[in-house]
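Peer 1: Before anything else, here's the structure in question.
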Amino acid sequence: MLLLGEDEAPDDSISFVTVADGEQRQILGDQFTFFDVGSKRVCQYGFRAETPQGISLVCLGDEFLQAKGIPYAQDCTWLMHEAFCAEADKDLYRPHRMNHSTVKDACENAKSVNAENLILYHTEDQRINERKQLYGNEAALYFDRRCIIPDDLETIDL
């Protein structure tokens, strides 16, 4: 896990720090809790970041929400969830074989943990010019809160 923080990198360099499941660290004034996302392929960690103002951001990494991550994602302000393709394209892309999800899966997961907002990322690129509209329309069917489908390098104000 890559951590950037004053106590780990006082000279603006990058430090690689090993973390453990459930470990907490203070980074740039925010409280981070790292958790094993339950990947079947290789050990991967996600995190829940909590700001002093009470905003929480949960990132699941390169996996869909699994049982291990539910306690960390529960009632988060922002959930970052991969959504590899639209539900209608699941036979073409086979996201479940790669431990990925469809937009519908991600939205249902976000709803199940009562996420206030959802960010969908790690998507297929075949229809990149239509992706926001396509994924947004599908997301609206399954998640009645704010859903963002960012383009690469897009800034999201939390």
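Peer 1: Would you grab the residues whose amide H sits under 5 Å from the one on S39? Only those 5+ places off in sequence or on another chain, please, with H modelled 1.01 Å from N.
Peer 2: Long-range HN contacts for S39: Q44.
Peer 1: Below 14 angstrom from the Cβ of G69, what's the summed charge of the other residues (Lys, Arg +1; Asp, Glu -1)?
Peer 2: Once positives and negatives cancel, what remains is -4.
Peer 1: In nanometres, what is the gap between the two model label sites at R127 and Q53, each 7 Å from Cα along Cα-to-Cβ?
Peer 2: Going by the 7 Å Cα→Cβ label model, 3.6 nm.
Peer 1: Taking K132 as the anchor, which lysines have their alpha carbon closer than 25 Å to its alpha carbon, excluding any fewer than eight residues away along the same chain?
Peer 2: Reachable lysines: K90, K104, K111.
Peer 1: Could you tell me how far the Cα centroid of segment 125-149 sits from the Cα centroid of segment 35-80, in Å?
Peer 2: 21
Peer 1: Here is a further query. Could you work out the local net charge near K90, counting Lys and Arg as +1, Asp and Glu as -1, over the other residues with Cβ closer than 13 Å to its Cβ? Working shown, then result.
Peer 2: Numbers: positive: R94, R97, K104; negative: E87, D89, D91, D105, E124, E138.
My count for the surroundings of K90 gives -3.
Peer 1: Magnitude of the Cβ-charge dipole of segment 48-158, K/R +1 and D/E -1, about the Cα centre, nearest 20 debye?
Peer 2: Using Cβ point charges on Lys, Arg, Asp and Glu, segment 48-158 gives about 260 debye.
Peer 1: Next up: Relative contact order for segment 15-97: what is it in percent, counting Cα pairs under 8 Å that are at least 6 residues apart? The partial results should precede the final answer.
Peer 2: Working: 130 pairs, mean separation 16.7, N = 83.
Relative CO of segment 15-97 lands at 20 percent.
Peer 1: Whole number in Å², please: accessible area per residue of the chain, 1.4 Å probe, ligands, DNA and RNA not counted. Before the final figure, lay out each step's value.
Peer 2: Values: 8800 Å² over 158 residues.
Per residue, the chain has an accessible area of 56 Å².
Peer 1: Please report the carbon-and-sulfur percent of the accessible area for the chain; probe 1.4 Å, protein heavy atoms only, DNA, RNA and ligands left out.
Peer 2: Result for the chain: 51 percent of the exposed heavy-atom area is carbon or sulfur.
Peer 1: Taking 7 Å along the Cα-to-C-beta vector as the label spot, tell me the Q66-R145 distance in nanometres, rounded to one decimal.
Peer 2: 2.4
The values are calculated or read from the model by the stated rules, or taken from the named source; none is laboratory data. Keep in mind the model is a prediction, meaning the values are calculated, not measured. In this analysis, Cβ positions are derived from the backbone assuming ideal geometry, glycine residues included, and neighbour counts consider all displayed protein chains. Accessible surface is based on the protein model in full, side chains and every heavy atom, while ligands, DNA and RNA are left aside. Shrake-Rupley method; radii C 1.70, N 1.55, O 1.52, S 1.80 Å.
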